[in-house]
Each structure stands twice: as C-alpha cells, then as structure tokens.
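Comments concern the structure below.
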Amino acid sequence: MAGTTRIWVASLLVGGVLIAGCSAEESAEPAPSPEAESSPPAADSAATELMQRARTTLGVLPRYVKNEANARTDAKIDLGRMLYYDARLSKNHDVSCNSCHMLDAFGVDGEPTSPGHRGQRGDRNSPTVYNAALHVAQFWDGRAADVEEQAGGPVLNPVEMAMPNEDSVLAVLRSIPGYVEAFAAAYPREDDPLTYANMAKAIGSFERALLTPGRLDAFLEGDAGALTEKQKRGLDTFLAVGCNSCHNGPALGGTMYRKLGFIFPYETEDPGREKITGNPADRHVFKVPSLRNVAKTGPYLHDGSIESLPEVVRIMGKHQIGLDLSDEQVSDIVAFLQALTGRVDASYIAKPELPANGPDTPAPDPS
C-alpha cells in the first residue's frame with residue numbers, strides 16, 4: 001500500500017501470470033512459459049551453459065506460493081480479489097489495495113510515493129505486489145512476515161487507508177450482506193468466519209497467485225530463442241559481475257536483506273531496518289527487491305528518486321558491488337531486465353462486481 005516502498009538493494013541492481021481457478025490442492029508445478037514454442041530452437045553449447053548457470057541460481061517460478069497456514073480455495077481467492085479492489089476498507093472509502101498496487105500496471109502506481117487518506121504520502125515508494133509472495137518478508141524493512149500479515153497493515157495505517165481499528169473494518173464488512181455470505185463460503189468450518197485475520201488471509205490467498213513468468217522462464221526451460229543475443233549477454237553479465245549474489249531465486253530478489261551502499265556509501269536519511277530492529281547494524285539495510293517486471297515498476301529506490309533504469313543499474317553497480325560498469329555492460333543488463341517483463345492473466349486480475357452496501361453500512365469519513 002502507500003507506505004510500502006521500493007529500494008534497490010542488491011549486489012548490482014535494486015529496486016507480475018496469474019493462475020485463475022486455484023483449488024485447495026497445492027502444487028509445485030512451475031508456471032507455464034508464455035512464449036515457449038512446441039519445438040523451441042536448439043541451444044548451442046554457450047546457450048546451454050548459460051541456461052544451466054542461470055537455472056542453478058534463479059530456480060523455477062512456481063504457479064503459486066504455498067502457505068501451510070492458509071490453504072487456498074476458490075472461495076477464498078474470490079473473496080480476496082473483491083477485498084483487494086474494495087475502497088470501503090478505507091476510512092473515506094476512496095483508497096483500496098489496488099489504488100497503490102495497480103494490477104493492470106504491474107502492481108504499482110508509478111509515483112515516487114503513493115497518496116493515501118486525505119492525500120497524505122508515506123516516506124517510501126510502493127513496491128509491486130506481483131511475485132511478492134516469494135519474498136522472505138514484506139515491506140522494504142521486512143516488518144511483516146508474509147503477504148497475509150502485510151495485507152492487514154495498510155488498512156489501519158493513518159497515512160494510508162486510515163481505518164481507526166479492526167472493529168471499524170469489521171463493522172463495514174458485517175454491514176454488507178454479500179460479504180457476510182462470501183466469508184461464510186470461504187471459511188465454512190469456522191463459527192465466526194468474518195474476522196480481521198480472515199480478511200487478511202483472503203487477500204493473501206489472492207496475491208499468492210500473482211506471479212509473472214516471461215521470456216526468461218522460457219529460456220530456462222530450454223527455449224534458446226526466448227532471449228535475444230543482447231539479452232543473453234545481459235544475463236551473462238548479470239551473473240558474471242555478481243548481481244545474482246543478492247538478486248537470486250525465482251523472483252530475482254526478495255530472499256535477503258542488504259545495506260544500501262554496501263561497498264560505497266549511498267546518501268539516504270531512511271534508517272531502513274534499524275527503525276524496526278533498533279540495531280545500528282541494520283541502518284540503511286533493506287530487503288532486496290524482486291527484479292521481475294522491473295522495466296515497468298519505476299521510479300526506483302526506496303524514495304522513488306531515480307526515474308531511469310539504466311541510471312539505477314549504473315548507480316547500484318557502483319554502490320553495491322563497487323564496479324564502474326561500462327556503457328555496453330549497462331545496455332546489455334538493461335536489455336536482460338526488460339526480458340523480465342512477464343505475462344499478466346487479465347481474467348484473474350479483472351475487477352469483480354463488489355457486493356452492495358447494506359442499510360447500515362457506515363458512510364465515508366473524510367476527517
């Protein structure tokens with residue numbers, strides 16, 4: 001939401017294919033590659049070696065991200081999708097999850113910081129929700145353990161959605177007959193299915209399928225033609241200079257924390273994780289973001305201060321791994337990053353019809 005933010009913290013660069021109709025049965029199948037052909041071009045030895053190196057470091061993008069404590073069902077996903085789009089979860093009924101994390105814009109709003117209640121803005125850039133469920137934690141400082149915990153935070157944040165407390169949120173939801181029915185369908189074995197925790201779990205269930213396979217995935221599966229020669233050089237450079245030391249795993253990031261200015265200091269007043277942990281060693285330390293769809297999710301850094309992808313590549317090369325990247329290296333890496341733009345399932349993210357207000361639904365409160 002508005003207070004969550006993007007900071008490119010990693011060895012070099014810092015900073016979504018959705019699956020409709022998921023059932024309660026979990027699966028570890030990789031997501032289908034959008035551009036893979038039935039008979040992909042044969043890979044030469046260099047391409048094969050590059051595929052193997054990249055696959056070892058990055059792994060396979062799943063179809064969805066499993067949470068043992070939040071079993072997925074169609075009813076829960078459908079409820080989560082409605083809640084994601086519903087601005088009635090905000091004090092003035094004008095801010096939803098989708099306001100700052102726009103699903104038809106790769107999960108961001110394109111602003112340095114996002115407007116919340118009464119136009120207030122947080123101090124960090126809103127990160128994309130696509131592929132976020134793969135991360136080790138949520139928010140740039142890692143203060144939420146998973147997407148379920150994250151989903152409950154912005155609703156009560158006075159700068160973001162500004163609801164005064166959980167009871168106020170539940171009063172709105174319980175006043176809407178369609179939500180009473182939807183919660184009962186999503187949590188049929190619970191005596192009181194309409195709870196704040198279940199609201200967050202439903203949103204989390206929906207978000208866990210917000211994954212975006214693209215050309216890289218087709219390449220890793222053996223399609224040598226999925227990447228251009230320039231993109232292959234960019235991937236090779238990405239691995240050779242050490243970007244993958246932080247930007248690893250299926251999301252190409254999100255697996256660890258790193259100090260911004262790891263090699264050479266980078267000027268920022270944001271304390272990073274130190275604000276959460278109180279540990280001076282965590283000053284300017286942030287979660288390494290995912291690079292998937294990075295060409296579509298600017299502006300960059302935690303404060304949204306950098307507009308250009310080539311510029312942030314060059315900056316992070318210097319400050320995170322201590323290299324003055326050449327123009328050719330920057331150009332090739334950017335070409336590879338552009339190949340990380342994935343496919344979004346329009347049917348999965350389509351805004352559903354939201355249930356109508358009941359006679360006692362609280363009115364918007366602009367105060």
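Throughout, read-outs are computed from the coordinates displayed, never taken from laboratory work. These numbers come from a predicted model, not from an experiment. Positions of Cβ are backbone-derived with ideal geometry, glycine not excepted, and every protein chain shown enters the neighbour counts.
Would you please state the base-10 log of I(q)/I(0) at q = 0.19, 0.20 1/Å for the range 74-210, with intensities from the Debye formula using one equal scatterer on every alpha carbon?
-1.12, -1.25
Put a dot 7 Å past each Cα toward the Cβ at Ala185 and Ala87; how far apart are the dots in nm?
My value for the distance between the label points is 2.5 nm.
Treating the beta-carbon of each Lys and Arg as +1 and of each Asp and Glu as -1, no other charges, what is the dipole magnitude of the chain about its Cα centre, to the nearest 20 debye?
Using Cβ point charges on Lys, Arg, Asp and Glu, the chain gives about 480 debye.
Sequence-distant or interchain residues sharing an amide H contact under 5 Å with Arg121, placed H: which?
Those qualifying (amide H under 5 Å, at least 5 residues apart or on another chain) are Gly116.
Obtain the nm distance between the two label points defined at Glu111 and Ala295 by a simple spin-label model: each point lies 7 Å from its Cα along the Cα-to-C-beta direction.
Calculated label separation equals 2.7 nm.
Could you order the peptides 54-61, 127-134, 275-282 from most to least packed, using the average number of other C-beta atoms within 10 Å per residue?
Highest to lowest by the protection proxy: 127-134, 54-61, 275-282.
How big is the Kirkwood radius of the chain, worked out from every pair of different alpha carbons and given in Å to one decimal?
Result for the chain stands at 21.0 Å.
Around Asn157, which amide H atoms from residues at least 5 apart in sequence, or from another chain, sit under 5 Å from its own amide H, with H modelled in the peptide plane?
Ala162, Met163
Please report the base-10 log of the normalised intensity I(q)/I(0) for the range 193-302, using a Debye sum with one equal scatterer per alpha carbon and no solvent, at each q in 0.16, 0.17, 0.21 (1/Å).
Listed by q, the Debye log ratios stand at -0.96, -1.03, -1.22.
Please give the net charge around Val155, taking every other residue with its beta carbon less than 11 angstrom from that of Val155, where Lys and Arg add +1 and Asp and Glu add -1.
With Lys, Arg at +1 and Asp, Glu at -1, the neighbours total -1.
Add -39500 (n - 2.57) for each DSSP H run of 4 or more in the chain, then divide by its residues: what number comes out at 222 nm, to the nearest 500 deg cm²/dmol?
Calculated from helices alone, the mean residue ellipticity at 222 nm is -9500 deg cm²/dmol.
Can you give me the long-range amide H partners of Arg283? Hydrogens built in the peptide plane at 1.01 Å from N, cutoff under 5 Å, separation of 5 or more residues or another chain.
Residues meeting the amide H criterion: Glu274.
Going by average Cβ neighbours within 10 Å, how do the peptides 172-184, 311-323, 207-219 rank, with the highest at the top?
Per-residue mean Cβ counts within 10 Å order the peptides as 207-219, 311-323, 172-184.
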